[in-house]
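In what follows, a single structure is set out as structure tokens and then discussed.
What follows is calculated from the coordinates using simple rules that are stated; it is not laboratory data. Note that the structure is a prediction, hence the values are computed from the model and not measured. Cβ sites come from the backbone with ideal geometry, for glycine too, and all protein chains shown count toward neighbours.
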Amino acid sequence: MNEFLNLENVSVYFGGHIAVNEVSLAIDPGTITGLIGPNGAGKTTLFNVISGLLTPSSGRVLFADEDITSLAPHKRARIGIGRTFQKLELFNSLSVIDNIRVSLEISNQWNSSRTEILGSNISSEIDRILDLTGLNSVRNSMASEIPTGQARLVELARALVLSPSILLLDEPASGQNDEETESFGLLLRELCDSGISIFLVEHDMSLVMNTCDLVNVLDFGSVIAKGTPEEIQEHELVIEAYLGFKKR
Amino acid sequence: MTEFITFTVVGLATGAIYSIASAGLVVTYTTSGIFNFAHGAIGMFSAFLYWQLRWDDGWGGSWPAPIALLFVLFVAAPIIGIILQIVVMRGLEATSETTKLVIPIAVMLGFIGIANWVWQGAEQRIPKPFFGRNAKWSIGDAYITWHQTIIVIVAVLLAVALRFLLFKTKIGITMRAVVDNTSLVELNGGRPNRAALQSWAIGSILAAVAGVLISPLLGGLGVLALTLLVVNAYAAAIFGKLRNLPLTFIGGLVIGLSVSYWNWISSTGQKWPWLSELRTTLPVVILFFVLLLLPQEKLRGSHAATIRERFAVPSIQASLVWSSIFVVVVSALSLIITDKWESLLTRGLTMGIIALSMVLLTGYAGELNLAPLAFAGIGAISAFQFDVGSAVETGPGFATLIVLLAISFGVLVFPAFGLVRSRLFFAVVSFAFIVFILVVFFDGTTGTGIASRESMSLSGLVVAALISGSIGAVVALPALRLRGLYLALATFAFAIFVDRMVYKQRETLTFDIPLIGDNEDVSINIFNNGALNIPRPNFWRINFAEKQWAMLIFVSIIFCIFSVALIQLRKSSYGRQLTAMKDSPAACATLGMNMRRLKLSVFTLAAAIAGFGGALHASNLRTIQEDYPFTIWEGLALFMLTVVGGIGYVSGALFGGIIYACAFIVMGDFWGKLAEDWGSFRWLFTFLQDFFLLLGPALAGIGLGRNPSGVGSQIFDGFRILKKKDHRTVLVCGSSLMILSWFFRVIEVYNGWVFILTSLPILFLMPLLAEARDRDVKSRNDTLIEMAGIEYDFSDEFISYIDAELSITSDFNVDERNTLNE
């Protein structure tokens, strides 16, 4: 795996409002990288820039040393960038299993090499992904009717269908209980070990601190700290951003 | 120079009116997120009201201009706006874009209905310009009327006032804040509802100003003409991307001036006869191209969780069973109904086939198309030209054209079904070959053989679908980048274009097909003198021209085939992808989907279905005219009624088609007959007749807010209870009684009314009876548990019943109970 993601001085302006300000960061292959920050810090905006739903006002996005700043979203998916959404974007008129099936069908249309491998084995691939994400019990439920925690897993399952080399997860654990979050952490580690780099936006600090190799902290659109979870927990600016005052 | 000044002044004046009208649209859109399709109709209504107060011989009639103006602009118009906001628009939160579009369309049709009702008759209503026709001043030799001067001054004043209102007053700031974030405004103590009310009042006033100012420029007042004139303002609003007022004003002026200069260049349309209608069409052409040039919309998700519409998909078996039942019922009915009813029902079904195109496009794929009948009209014209009308100079001309169309259709549609490379090539070639065989062997291609036939051919229908589909692909171009409202407007523009440039086309057009014959291979007089006579089919030695019942059964079978095919499509990989695209375009993109290809294919396919249905509809009617049945208004009504029926279901299409073609006419007839028979209540029945004919469709549309998923599903849900085994007796008894009632009608024991009065109550009593039985059983069960040991013995029988309900095995239970007893 030598693909990796690089943001160079990315800024996003909404009218006069600066949502993301000169952000530079890199995701190393085979790691779980966290992105935390208070609400409105610009985390989702940054994800939208990486996945192509938003064009940055300035700066560049590089993936495997190639400039993808102006690449269409669907082409980014095709080179291996998968994502989930903070505000759920499920295919609500379809069942859980059909959500995954249609994702496979969509990706089969552009991924002809895999179509040949998969051939008629679409259902076994669906079963594999359902097992992996633990969604077997709700496979036939309508996507609109399952609890948020599981709905987030459906989004993850859908993104996994792409066999992405990097996965952007936007608050995947919100709506999950402690137990679910813990097993979710294990799942992330498993995915990472299988070669998928993960970029994680999350408010659940235990998940971030327990699973991430590296954490970036965003506040008012700027990166204010980078480091291992231990370093971040002690970082003065981070504590100030989260608590609103300096640690004595 | 004089001419230049004159045309510039005319352009500026009409442009200023467009600016005013479109500013009203922008104000309401920005504060409520609803594009007010009824805007033009409010302007029209106000213009009529003003005329009534000023010049009518009856009520009003002699009000002085200032008082009449004050009343129309500052009393009537704001009240209309406020009532609309409270009664109709406020309920549209968290509904889909389709519903948000349909309800204003229903309101527009309602206004048109009311205006047609109140201002009936062929009386010429001619409003006078301010200060009379002769009040003018001059620049050089060019005269400028005071009316034109006033228009420009009013536009400038309104522009300044609006700017001041939105940026310098508290009301305006709240109104703008509501657009950005309604809940935040609420949290900060603002009142979003009040802001919305104010904006609707202002929007309505602006529409009224435009209506009153523009009406004297027209000559006589016309309901549809005035409504559509304000539609021209839509293009101006799009110039400002529905948000920017200064750009909107500039847009209005650009449109006004373009039309005026075009009139100058083309000597009011006389210079190039086949373009003569461009003078009325130019604004929508501009609208279409502005939409094409709009920057790519940001991909967004629909957050469908908040949306109230839900469409379930029936199984294939169910759809096959229902289709068979449907054909049987229609055939049975054809034995007992009169020719008139047969022909009404046939019309409903052919309209239903056209409505199926909307189920595919809007219901399944979430793309809006306000021009279903434009495609149907193109289909009908194509079938006519192919079978009857055109002059084909060289025989192979048409065949070649058709093969080319078949190839392009295949290339557009087949890849979306996962066919690539060699398989795609094979599929396209076979499809083109089949079409070629159909045309050459069944129709012959020598001389002018294809045209001037006496019956509609099967290949005529295929040609209708292919041509309509290809044009659908062209109209889909804006769709590749736009969604929702913008797409709806693009298709609306297309519908108006077809209404004027195609249906009113009287010139003969000649085409050259490369490599074939000389340079006039096909010459077509698109719309012969305002009417086309399209023959009935004549397949399988059945003369459909003479046998209406055969036509009825034929179209019911076609409807069922299309319906089952659509349901099958929805359940296929292609259908799942359409659903995914509808539910969340953003998620589709992040899965690598290229939505352009999918959109192009679904537009092509839907237009082809509409074209096919249109040809069939026209063939059933035998004649189509420039103003019936494929106009923009009829199209909007059909679209609206299909949404009311449930656009996500084929049953919605059936409902839309039948209600559109029969229900209101039948109701109108019913009251009309009563009015004839009961002279003393004539006024009441005539009122009811007009009410249903003129306002029925609009009211059906407005009622949609209550059940955005449509009526069709509701009816089906109601009957679903009969599927239960417990209610088989009810189903069997009820059906037998209905069959008996039908049989008595067949052997003419009684007339149609008795049949209706016996069978309909049985039909609707069946689910009610089943429900009552369910309730009965449920309440008995309830008593059992509550009252055990008091009203009943706590018997072993009862215990085993409880065990069974709780799924406890009896062996275990006996031991357990014994232990407990000990």
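For the reader, a short list of remarks on this structure follows.
- The range B:48-171 - charge dipole about Cα centre, Lys and Arg +1 at Cβ, Asp and Glu -1, debye rounded to 20: 400 debye
- Å³ per residue enclosed by the Cα convex hull of the range B:637-707: 73 Å³
- Taking all Cα pairs closer than 8 Å and separated by 6 or more residues, the relative contact order of the range B:495-654 comes to 26 percent.
- Loop sites in the range B:192-272: trypsin sites (Lys or Arg not before Pro), DSSP, at most 14 other Cβ within 10 Å: B:R243, B:K271
- Site pair A:L237 and A:D127 shows an inter-label distance of 5.2 nm when each label is modelled 7 Å from Cα along Cα→Cβ.
- Note on the range B:1-46 and the range B:106-161: Cα centroid distance 12 Å, given to the nearest whole angstrom.
- The range A:99-248: Rg to Rh, with Rh as the Kirkwood radius over Cα pairs: 1.05
- Both radii are taken from the alpha-carbon atoms of the range B:680-742; with Rh as the Kirkwood radius, Rg/Rh is 1.21.
- Calculated P(r) tail over 12 Å for the range B:99-138, as whole % of Cα pairs: 73 percent
- Toward the positive end of the charge dipole of chain A, with +1 on the Cβ of Lys and Arg and -1 on the Cβ of Asp and Glu, the farthest Cα among A:S194, A:Y13, A:L156 is that of A:Y13.
- Dipole in debye (nearest 20) - chain A, about Cα centre, beta carbon charges: Lys, Arg +1; Asp, Glu -1: 600 debye
- Computed E for B:I747/B:S800 - FRET, C-beta separation, R0 60 angstrom, nearest 0.05: 0.65
- Kirkwood Rh in Å, taken over all unlike Cα pairs in the range B:312-641: 20.3 Å
- Per-residue average of Cβ from other chains inside 10 Å of A:69-79: 4
- Mean Cα-pair separation over length for chain A, i.e. relative contact order, pairs under 8 Å, 6 or more apart, %: 27 percent
- Using the Cα coordinates of chain B, the gyration tensor eigenvalues translate into equivalent-ellipsoid semi-axes of 48, 37, 29 Å, sorted from longest to shortest.
- Dimensionless Rg/Rh of the range A:83-163 - Kirkwood Rh, Rg from C-alpha atoms: 0.96
- Cα long-axis angle, helix B:573-583 against chain B (0 to 90 degrees, to the nearest 10): 60 degrees
- Available extension along the chain between B:F539 and B:I173 is 125.0 nm, counting 0.36 nm per residue and deducting the alpha carbon span.
- Per-residue mean of C-beta atoms belonging to partner chains within 10 Å, peptide B:593-603: 2
- Here r is the Cβ-Cβ distance between B:I79 and B:F687 and R0 is 22 Å; the resulting FRET efficiency, rounded to 0.05, is 0.40.
- C-alpha long axis of helix B:595-621 to longest principal axis of chain B, angle in °: 90 degrees
- Full extension of the chain segment joining B:N193 with B:W272 gains 23.3 nm, where the gain is 0.36 nm per residue of separation less the Cα-Cα distance.
- ³J(HN,Hα) computed for each position of the range B:133-138 - Karplus, 6.51 cos²θ - 1.76 cosθ + 1.60, integer Hz, glycine/proline x: 6, 9, 7, 9, 10, 9
- Ordered by the count of other Cβ atoms within 10 Å of each Cβ, fewest first, B:M44, B:M640 give B:M640, B:M44.
- Extending 7 Å from the Cα toward the beta-carbon at both B:K723 and B:L760 defines two label points whose distance is 2.7 nm.
- The calculated FRET efficiency for the pair B:F436 and A:S141, based on their C-beta separation and a Förster distance of 56 Å, comes to about 0.70.
- Inter-probe distance in nm under a simple model that places probes 7 Å from Cα toward Cβ, at B:A332 and B:A122: 4.7 nm
- Helical content alone sets the calculated 222 nm signal of chain A at -11500 deg cm²/dmol, taking -39,500 (n - 2.57) per DSSP H segment of four or more residues and averaging over every residue.
- Here the gap between B:R597 and B:S736, fully extended at 0.36 nm per residue and compared with their Cα-Cα distance, gives a gain of 45.0 nm.
- Calculated P(r) of the range B:2-293 - Cα pairs past 35 Å, %: 17 percent
- Hydrodynamic analysis of the range B:146-244 uses the Kirkwood radius over alpha carbon pairs. Inserted into Stokes-Einstein at 10 °C and 1.306 mPa s, it gives a translational diffusion coefficient of 103 µm²/s.
- Chain B: angle of helix B:245-265 to the longest principal axis, Cα-based, in degrees nearest 10: 60 degrees
- When shorter helices are ignored and each DSSP H run of at least 4 residues is given -39500 (n - 2.57), the per-residue value for chain B at 222 nm works out to -22000 deg cm²/dmol.
- Kirkwood Rh, angstrom, the protein assembly as shown [1 / mean 1/r, Cα pairs]: 32.7 Å
- Only Cα pairs under 8 Å and 6+ residues apart enter the sum, and on that basis the relative contact order of chain B stands at 18 percent.
- Shape class for the range B:616-737: oblate, because the ratio a/c of the largest to smallest gyration tensor axis (alpha-carbon atoms, square roots of eigenvalues) is 1.5 or more and b/c is at least a/b.
- Distance from the range B:398-419 to the range B:683-703 (C-alpha centre basis), Å: 45 Å
- Shape analysis of the range B:1-151 based on the Cα gyration tensor places the equivalent ellipsoid semi-axes at 32, 22, 13 Å, largest first.
- Given +1 at the Cβ of Lys and Arg, -1 at the Cβ of Asp and Glu and no other charges, the dipole of the range B:105-251 around its Cα centre is 320 debye to the nearest 20.
- In chain B, a dipole from Cβ-located charges (positive for Lys and Arg, negative for Asp and Glu) runs towards its positive end, and of B:Y143, B:Y801, B:Y234 it is B:Y143 whose Cα lies farthest in that direction.
- Restricting the range B:114-206 to chymotrypsin sites (Phe, Trp or Tyr not before Pro) that sit in a DSSP loop and have at most 14 other Cβ atoms within 10 Å of their own Cβ leaves B:F131.
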